[in-house]
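First the structure, in the form of structure tokens, and then the observations on it.
Derivation of every value follows stated rules applied to the coordinates shown; laboratory data play no part. The structure displayed is predicted, hence computed values, not measured ones. Neighbour counts are summed over all protein chains in view; Cβ atoms, including those assigned to glycine, are modelled from backbone coordinates with ideal geometry.
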Amino acid sequence: MDGVFQGSLLDVGTESGPRELAGHVRRTPLAHGAWVDLRPGWLAGADALFERLMAGVPWRAERRRMYERVVDVPRLLAYYRESDRLPEPVLDEARDMLSEYYREELGEPFRTAGLCLYRDGRDSVAWHGDRLGRGATEDTMVAIISLGTPRPLLLRPAGGGGPTLRYDIGHGDLIVMGGSCQRTWEHAIPKSARPLGPRISVQFRPRGVR
């Protein structure tokens with residue numbers, strides 16, 4: 001791992017855990033019934049959590065078939081089902097707070113957690129929507145907590161042909177993609193030639209959305 005993590009000077013003190021959502025979430029309506037919510041610095045103590053997850057999560061490398069050949073997935077992964085114990089209690093607290101905040105709009109709680117470790121600027125995720133399962137046909141939400149080095153999350157209409165939005169998120173920032181976003185928009189974490197420290201993405205999803 002070439003990147004070196006540098007903590008945020010703003011993430012200091014004894015406070016830890018998710019901060020208030022109500023009154024602090026900024027929503028951006030998108031085309032086709034999609035939207036994005038942003039809550040910068042939502043998770044206090046995010047840098048310490050990042051270090052614990054780096055060391056304590058059983059990260060795994062995967063290989064996938066693409067274009068008639070098998071390639072390495074350019075990031076490390078961990079997945080927690082509904083019945084699995086999350087690696088840190090603060091993630092249970094964050095998931096429960098998100099479920100309560102979005103309860104009326106989503107109509108169900110967040111159930112699963114997927115974690116991705118981007119080790120440096122060479123790790124990435126290509127343009128995609130979370131369309132395995134119900135996300136292919138139903139409005140849903142995916143809530144992402146970004147820990148560690150900020151990286152750009154890009155959004156564009158599905159298939160291109162529209163404006164690309166950029167959100168530089170890290171150090172405990174929260175971004176939630178909702179409405180038709182997984183069907184009608186795509187998101188990506190691009191590679192970077194610049195030396196970058198590691199980043200962890202924690203994604204909460206409802207049942208049946210991948």
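Ranked by how many other Cβ atoms sit within 10 Å of their own Cβ, fewest first, the residues C181, C116 fall in the order C116, C181.
Please work out whether region 149-205 counts as rounded, prolate or oblate from its C-alpha gyration tensor, where a ≥ b ≥ c are the square roots of the eigenvalues and a/c under 1.5 means rounded, while otherwise a/b larger than b/c means prolate and anything else oblate? Judged from the Cα gyration tensor, region 149-205 comes out oblate (a/c at least 1.5, b/c at or above a/b).
Over the chain, DSSP H runs of length four or greater, each weighted -39,500 (n - 2.57), average out per residue to a 222 nm ellipticity of -4000 deg cm²/dmol.
Full extension of the chain between D84 and L132 gives 15.2 nm of extra length, using 0.36 nm per residue less the Cα-Cα distance. Distance from the Cα centroid of region 29-84 to that of region 91-161 is 8 Å (rounded to whole angstrom). When Rg and the Kirkwood radius Rh are both evaluated on Cα atoms of the chain, their ratio Rg/Rh stands at 0.94.
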